[in-house]
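A short worksheet on the structure shown next.
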Amino acid sequence: MIRPVLRMGDPRLLERAKPVESFDTPELHALLADMRDTMTHLDGAGLAAPQIGVGLRVVIFGVQRNPRYPDAEEVPDTVLINPRLTPVDAEMEEGWEGCLSVPGMRGLVPRHCRLRYEGFDAAGNRVDRTVGGFHARVVQHECDHLDGILYPMRIRDLANFGYTEVLFPGQPALAE
Ligand code: NI
């Protein structure tokens, strides 16, 4: 079921989400199905449970090769629950981000270039990957939602924040 996505200004987006305690439950599978439906409907690259008003540490993300976004790196479809992120080193890079909770906008956000992420899938199996580039950026963006952080809070220079259609005329863009 497609669920409404909360937009910036809603206090629920600023809360710290709680860990999932039971895996492979009908409730968890129903939540993930709603998250997938909502993300697909809005053509997003990722979605965190708090964005649909559920305060649990659950994120999904994934980017398939799409002719509309020739520059977007592919990211495997992933369910990540109770994540733990560990940067591989101190190197950061700036990149443009959008968010389904901040529709129509883009901002330049610093993120770790490479990081390890650990957590669980819906069945409770361990997930453990070390990634870089766009994949690493999407994970950091989604996991920030679990701590009540929206990407505009991380923009270093607000001169690099604006409307997508003004910043990138004629270009469709992914939103996380
Ligand atoms: Ni987002």
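Computed quantities for the displayed model
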item	result
Accessible surface ranking that places the most exposed of Glu73, Glu165, Glu118 first, with a 1.4 angstrom probe	Glu165, Glu73, Glu118
Percent of alpha-carbon pairs separated by more than 23 Å within the chain	36
Accessible surface ranking that places the most exposed of Ile81, Ile2 first, with a 1.4 angstrom probe	Ile2, Ile81
Linear extension gain, Phe168 paired with Ala30, 0.36 nm per residue minus alpha-carbon span	46.1 nm
Candidates per trypsin sites (Lys or Arg not before Pro) in the range 8-79, loop by DSSP, up to 13 other Cβ within 10 Å	Arg16, Arg65, Arg68
Accessible-area order (highest first, 1.4 angstrom probe) of the listed residues Asp128, Asp147	Asp128, Asp147
Relative contact order (%) - the chain, alpha-carbon pairs under 8 angstrom, separation at least six	26
Of all accessible heavy-atom area on the chain, the percent that carbon and sulfur account for (1.4 Å)	52
For peptides 133-141, 48-56, 103-111, sequence by mean Cβ density within 10 Å, most packed first	133-141, 48-56, 103-111
Magnitude of the charge dipole, the range 11-167, Cβ model with Lys/Arg +1 and Asp/Glu -1, debye to 20	220
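The values are calculated or read from the model by the stated rules, or taken from the named source; none is laboratory data. Treat the numbers as computed from the prediction; the structure is a model and nothing was measured. Here the Cβ is made from the backbone with ideal geometry for all residues, glycine too, and neighbour counts use every protein chain on show. Accessible surface areas use protein heavy atoms only, side chains included; no ligands, DNA or RNA. Shrake-Rupley method; radii C 1.70, N 1.55, O 1.52, S 1.80 Å.
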